[in-house]
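Here is the structure we will look at, set down as structure tokens.
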């Protein structure tokens, strides 16, 4: 029996493949999401305006990719981008 599937073992090859695929995707999406959250946090804590200005486009691209892949909602991505841009522009 597969370790992640519990007791309800699927009987069809296609179902087994689906379970494996969704597990792999779940882990990959979790990694992407965590990476993006860390990038946002790093940018928020950045003190230097030039460094922050340099990081901003990279973080925005990352958020856009996540939104495109439906890992985060596109409005959430938009809100984060807006807030981060404001934050960077406000820096001295």
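The values are calculated or read from the model by the stated rules, or taken from the named source; none is laboratory data. Here the structure is a predicted model, which is why all the values come from computation and not from measurement. Cβ atoms come from the backbone with ideal geometry, glycine included; neighbour counts cover every protein chain shown.
For region 63-82, the tally of residues that are surrounded by 16 or more Cβ atoms within 10 Å (Cβ to Cβ) and part of a helix (DSSP H, G or I) stands at 6.
Residues in region 42-57 that are surrounded by 11 or more Cβ atoms within 10 Å (Cβ to Cβ) and either assigned to a helix (DSSP H, G or I) or at pLDDT 95 or above (or both): 42, 43, 44, 49, 51, 52, 53, 54, 55, 56.
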